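Encoded as structure tokens, the structure appears first; notes follow it.
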Amino acid sequence: MAEERQRVYEEGGSSTAARRRGLGLSLAVSTGEAPSLRRRSSVAVWPEHFVESVAAQVAVDAALSEGRLAAGPAIVNFFQVCSTWHEISHSEILWQDLTNRVWSHHHRHLPSWHAEFIQLHRTAQNFRMRRSVHSRLLAPTCPARSCCCLSISDTYLAAGFLDGNVCVFILPNGASIANFSCHPSRDRLGRFSQCVSGLAFLSNPNRVVFAYRDGDVHVGLLNDGPLGTSHRAHEGNVVVDGLLLDFTGNNRWWVGLFAGAPGRSWHVWDANTEQLIYVGGSLTDTGALMGWHMLTDFGAPVVGRVRLAGPGMAVGCSSSRIQVMDLENPGFVINELVLQQGELAIDSVDATSEGRIVYVDLNGLAKVCRVPMLDEVCSFDALRRDVQGQHHIEVGRVVACMNWGYVICFSSWAGVWDSHTGEFLYRFRERIGDVVAAVANNRYVAAWSADSGLHLWDFGAM
């Protein structure tokens, strides 16, 4: 365990501020005693649970002030103060608390919470240092098998296709474990009405929920064999609701964004009962006509996008507005950001469950904002790169995705930026062509290219 803690320290760096925060803690509770006396007098009388609480706060403070990668070195320094504190570092309760508070990670996949913390630290460090394993999971075939959307979890990756099929892969090896076919059980309105608009993973039991452009929502079990079976949880009605632009969800809510029927932009379902609990909103009303074109023209501009962003909040966007909706009180718009008409590149919008959103305007300027206030955290040029000290502007469509700490933008190349500072970090080594859809979480990045198929980068395998 000592070797693992030292490795975390070395990977995270030995920042002076982190050392001061860890080693200087006892200075704050003393009144000028010599360090040796301080360790004998104050440390000996500190209860174990109190030391754990202070250690956790040291790590959290380091993460807040210098980034999450600073938490590891800070906690290692803290436990080097004396042997008594070092023994407390074996506490699983402490490491569970640190994993939850520093990494917002609440499910253990490894034998211990200490190992889980170290794995998360290493993965984040790999992300920053461009250490990953790249693989191609699917090659492009016919145009009908073009990918429309992607969804990812810690265990699965799902791809939804133009012909209505959904393919699920298990991670990290990328093996295909289930395929769900569309249900041609009734007349379709428009050539692309069976196109998959969005996907989400559910747990207990493991399921995937996917929605079609005509508004149908299906749920499929992931342990049901390679030819997966699903049931229809909701029957869409294009005439009444318009078409489904985008769909997302979790174990508590499913959220769909529609266009084509005035006053029916937002649809919210209770994920437990699979019942529709809210319909309303005018977010996409101005794009209604363009939305109808998406039924017959796959190349038509995307009219809207929706993402979950933080506890009980969803972010929806059109080309000129971003809205934050309170899912605990469906229909209540917490905040709204109005942009110039057509300014927003909708393909570039993504959000994290930790309350951040990224969007890119048509000039390539990317902005990261906090949810729900939509105040700007940082901005950067997603189309500019530095080559031998010179700035080059590359015009093109931007597809963006993000995780807790990084924004990944695909255009004619793929770049990674720090989502807290806007600092450009690096480019992906692989050039995969024109990207249609991309998704990321804390460990993986996946992207579908019309030129080269489905790609996966694993930053936790090193």
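The values are calculated or read from the model by the stated rules, or taken from the named source; none is laboratory data. Nothing here was measured: the structure is a model prediction, and the numbers come from that model. FYI the Cβ positions are ideal-geometry reconstructions off the backbone, even for glycines, and counts take in every protein chain you see. With ligands, DNA and RNA removed, areas are computed over all heavy atoms of the protein, side chains included. Shrake-Rupley method; radii C 1.70, N 1.55, O 1.52, S 1.80 Å.
Table for the structure above
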{"quantity": "Inter-label distance for N179 and S135, nm, one decimal - labels placed 7 Å from Cα along Cα-to-Cβ", "calculated": "1.9"}
{"quantity": "Estimated FRET transfer efficiency (N204, S112; beta-carbon r; R0 30 Å; 0.05)", "calculated": "0.85"}
{"quantity": "Sites T421 and M373, calculated FRET efficiency, Cβ-Cβ separation with R0 22 Å, nearest 0.05", "calculated": "0.70"}
{"quantity": "Additional length obtainable on full extension of the chain from N250 to Q57, 0.36 nm per residue less Cα span", "calculated": "66.5 nm"}
{"quantity": "Most to least packed among 146-155, 92-101 [average Cβ atoms within 10 Å]", "calculated": "146-155, 92-101"}
{"quantity": "Rough spin-label spacing in nm, given labels placed 7 Å along Cα→Cβ, for L339 and F50", "calculated": "5.3"}
{"quantity": "Diffusion coefficient, µm² s⁻¹, Stokes-Einstein with Kirkwood Rh over alpha-carbon pairs of segment 126-274 at 25 °C and 0.890 mPa s", "calculated": "154"}
{"quantity": "Heavy-atom accessible area ranking, 1.4 Å probe, most first, across H107, H114, H90", "calculated": "H107, H90, H114"}
{"quantity": "Whole-percent carbon and sulfur share, accessible surface of segment 299-365, 1.4 Å", "calculated": "49"}
{"quantity": "Segment 55-156, accessible surface, carbon-and-sulfur percent (1.4 angstrom probe)", "calculated": "52"}
{"quantity": "Local electrostatic count, G453, Cβ distance below 15 Å [Lys/Arg +1, Asp/Glu -1]", "calculated": "0"}
